[in-house]
Amino acid sequence: MANTPFHSPYDYGHHRVTVFSPSGRFNDLDISLNVSEISFFEAINQPYVSGQIMIADSSNISNHVNFMGQEYIRIEMFTPENTQFINKTFVVTGLERQAKANDHASVLILSFIEEHVIASEITRISKTFEGKPEVVAATILSEINKQTRFDTSFQDQLRYIAPYTHKPLDMAKELVSKASTINGAPFYMYSSLYEDNMIIESLETMLAGAKVHPQTFNYGVASGNVEGLEINTAGRQIKTMSIANNEENTRMFKHGAFGSQYLWLDTNKTIPTELRYRYNEAIEKMPRINGAINYDGSFTVNEKPFHEGVSDMMSKVTTCSLFDGIVSLDEQLVADDHMKRAEANALRASLGKSQMDITVPGYHLMNESQVTGRMIEVYVPKNVVVYDENNREQVADKKLSGTYLVFGTRHQFKDTKYTAVMNITKYDNKKSLSQEQVNNV
């Protein structure tokens with residue numbers, strides 16, 4: 001890519017935006033020249049891509065289209081080399097804001113979302129489905145013409161009677177929330193800006209998956225300045241970094257993530273099954289991407305470690321053999337298998353414990369088939385006076401540097417520039433963090 005027309009790692013080339021209506025209410029309209037800003041948002045806990053688009057209207061677009069929240073909008077993004085890297089169609093969900101710029105022009109901000117969300121809102125299903133949770137979820141999504149690629153869960157085949165009062169998307173989310181791996185890793189159902197399929201994927205698959213880019217993204221004093229840097233290097237400069245609400249143990253306690261008592265009450269029995277969940281046992285089974293789990297099992301309050309406490313009592317009413325030969329949604333053949341879901345819930349909560357937002361150029365993201373749900377390597381220098389800047393490992397912030405999961409991404413296109421704000425998260429640290437000392441490089 002050395003001989004490309006990129007002048008900056010923020011360049012994205014151009015966009016093509018078309019508004020259309022299958023009803024024929026208006027003619028297909030190319031508004032590309034009127035669009036001044038586009039933003040998309042995706043996250044692994046969100047089963048759709050949403051966004052906003054800003055339109056400078058001095059051509060009577062608002063009257064011609066008459067935006068009702070019942071229009072399609074097709075958005076195509078191209079690199080400076082004229083290679084398409086995004087081609088996605090959405091449904092307009094509303095006119096968020098309109099302001100007069102002068103007597104003859106207005107600025108309109110439209111919101112949009114993927115079509116399957118609207119399809120789910122107007123669809124009800126009355127059927128019985130059988131299969132593993134992720135398979136049943138995929139089958140339900142196919143009822144609203146949404147195809148799915150998915151991992152295989154640990155759970156048994158089940159029978160699911162679709163409640164007519166529930167929306168298909170909500171039913172699929174509920175089924176996925178019940179799925180886990182054999183190690184208790186949770187499943188996520190999410191949509192990607194770069195493909196049309198819904199994705200149902202386990203946390204273990206994400207952690208073992210490909211990186212957004214094979215090389216490290218770097219933060220430093222000159223991170224915002226990419227002048228004079230080779231384009232590949234400049235494209236990996238972290239412009240801004242923001243950290244808030246990290247290491248919130250109160251949030252973990254609220255979700256019973258450190259330690260909790262589970263009671264599964266079988267309606268066919270008089271005695272409930274009682275099981276104890278402990279965070280240290282769950283987190284130890286997860287892959288250590290950075291080396292050391294971010295949890296001190298020896299720390300005690302009133303001589304009790306967090307994982308031996310009971311921060312919540314989880315009572316679940318379930319059944320035994322509701323159907324002959326196959327389980328229902330909340331049943332398990334073995335009582336201990338209920339703990340897989342308990343572990344999955346706790347690991348979901350722990351992903352919010354160590355996270356940060358980073359802003360990066362869009363240069364490297366245009367060559368990827370996926371960003372959210374991938375891994376990213378980040379380098380941040382430690383908080384000391386640096387004596388040897390060439391020794392990166394010695395001056396690395398061992399807490400903040402490392403391999404992260406991209407939890408969510410806001411893709412922003414403005415004035416021919418592409419900037420991505422990534423919410424990244426991890427649950428472990430570098431092993432060498434324990435050797436760090438005050439006032440010592």
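Can you tell me which of 173, 211 is modelled with pLDDT of 95 or more and surrounded by 14 or more Cβ atoms within 10 Å (Cβ to Cβ)?
Of 173, 211, the one residue that is modelled with pLDDT of 95 or more and surrounded by 14 or more Cβ atoms within 10 Å (Cβ to Cβ) is 173.
Got at least one residue in the stretch 6-18 being touching a strand residue (DSSP E or B) at 6+ places or on another chain (Cβ under 7 Å), outside any strand (DSSP E or B) and exposed (fewer than 15 other Cβ atoms within 10 Å of the Cβ)?
Checking the stretch 6-18: not a single residue is touching a strand residue (DSSP E or B) at 6+ places or on another chain (Cβ under 7 Å), outside any strand (DSSP E or B) and exposed (fewer than 15 other Cβ atoms within 10 Å of the Cβ).
Being of a type outside the set (A, V, I, L, M, F, W, C) and touching a strand residue (DSSP E or B) at 6+ places or on another chain (Cβ under 7 Å) is true for just one of 337, 324, 296, 330. Which residue is that?
330
Has the stretch 101-117 got any residue that is touching a residue at least 12 places away in the same chain (Cβ under 8 Å) and acidic (Asp, Glu)?
Checked the stretch 101-117: at least one residue is touching a residue at least 12 places away in the same chain (Cβ under 8 Å) and acidic (Asp, Glu).
Determine which single condition residue 56 fails, assuming it passes every other condition in (1) surrounded by fewer than 18 Cβ atoms within 10 Å (Cβ to Cβ); (2) without any contact (Cβ under 8 Å) to a residue 40 or more places away in the chain; (3) touching a helix residue (DSSP H, G or I) at 6+ places or on another chain (Cβ under 8 Å).
It fails just one condition, (2).
Look at the stretch 36-72 and say how many of its residues are more than 27 Å from the chain's Cα centre (by Cα), within 20 Å of residue 104 (Cα to Cα) and not polar (S, T, N, Q).
7
Give me a count of the residues in the stretch 331-347 that are charged (D, E, K, R) and in a loop (DSSP other than H, G, I, E, B).
Summing the residues that are charged (D, E, K, R) and in a loop (DSSP other than H, G, I, E, B) in the stretch 331-347 gives 1.
Looking only at residues in the stretch 126-140 that are crowded, with 16+ Cβ neighbours inside 10 Å and either in contact (Cβ under 8 Å) with a residue 40 or more places away in the chain or hydroxyl-bearing (Ser, Thr, Tyr) (or both), which one is farthest from residue 31 (Cα to Cα)?
132
Determine which single condition residue 143 fails, assuming it passes every other condition in (1) surrounded by fewer than 16 Cβ atoms within 10 Å (Cβ to Cβ); (2) over 22 Å from the mean Cα position of the chain (by Cα); (3) of a type outside the set (Val, Ile, Thr); (4) not assigned by TED's automatic domain parsing to the domain that holds residue 40.
Just one mismatch for residue 143, condition (1).
Given (1) out of contact with any Lys or Arg (no Cβ under 9 Å at 6 or more places or on another chain); (2) modelled with pLDDT under 90; (3) not assigned by TED's automatic domain parsing to the domain that holds residue 341, identify the lone condition not met by residue 237.
Exception for residue 237: condition (2).
Quick one: which strands (runs of 3 or more DSSP E) lie wholly within the stretch 58-126 and hold at least 2 residues that are over 23 Å from residue 14 (Cα atoms) and assigned by TED's automatic domain parsing to the domain that holds residue 24?
Once the strands (runs of 3 or more DSSP E) in the stretch 58-126 are filtered for at least 2 residues that are over 23 Å from residue 14 (Cα atoms) and assigned by TED's automatic domain parsing to the domain that holds residue 24, what remains is 84-102.
Quick check on residue 170: is it among the acidic types (Asp, Glu), within 19 Å of the chain's Cα centre (by Cα), assigned to a helix (DSSP H, G or I) and not assigned by TED's automatic domain parsing to the domain that holds residue 341?
yes
Mind telling me which of the residues 203, 193, 207, 275 ends up being within 16 Å of residue 307 (Cα to Cα) and in contact (Cβ under 8 Å) with a residue 40 or more places away in the chain?
275
Assess whether residue 286 counts as being among the aliphatic types (A, V, I, L, M), modelled with pLDDT of 80 or more and more than 24 Å from residue 136 (Cα to Cα).
So residue 286 fits the description; yes.
Just checking, does the stretch 173-184 include any residue being free of Cβ contacts under 8 Å to residues at least 60 places away in the same chain and within 28 Å of residue 241 (Cβ to Cβ)?
The answer is no; no qualifying residue exists.
Anything in the stretch 35-53 that is surrounded by fewer than 19 Cβ atoms within 10 Å (Cβ to Cβ) and outside any strand (DSSP E or B)? List them, or say none.
45, 46
The values are calculated or read from the model by the stated rules, or taken from the named source; none is laboratory data. This one's a predicted model, so the numbers in the text were calculated from it and none came from an experiment. Here the Cβ is made from the backbone with ideal geometry for all residues, glycine too, and neighbour counts use every protein chain on show.
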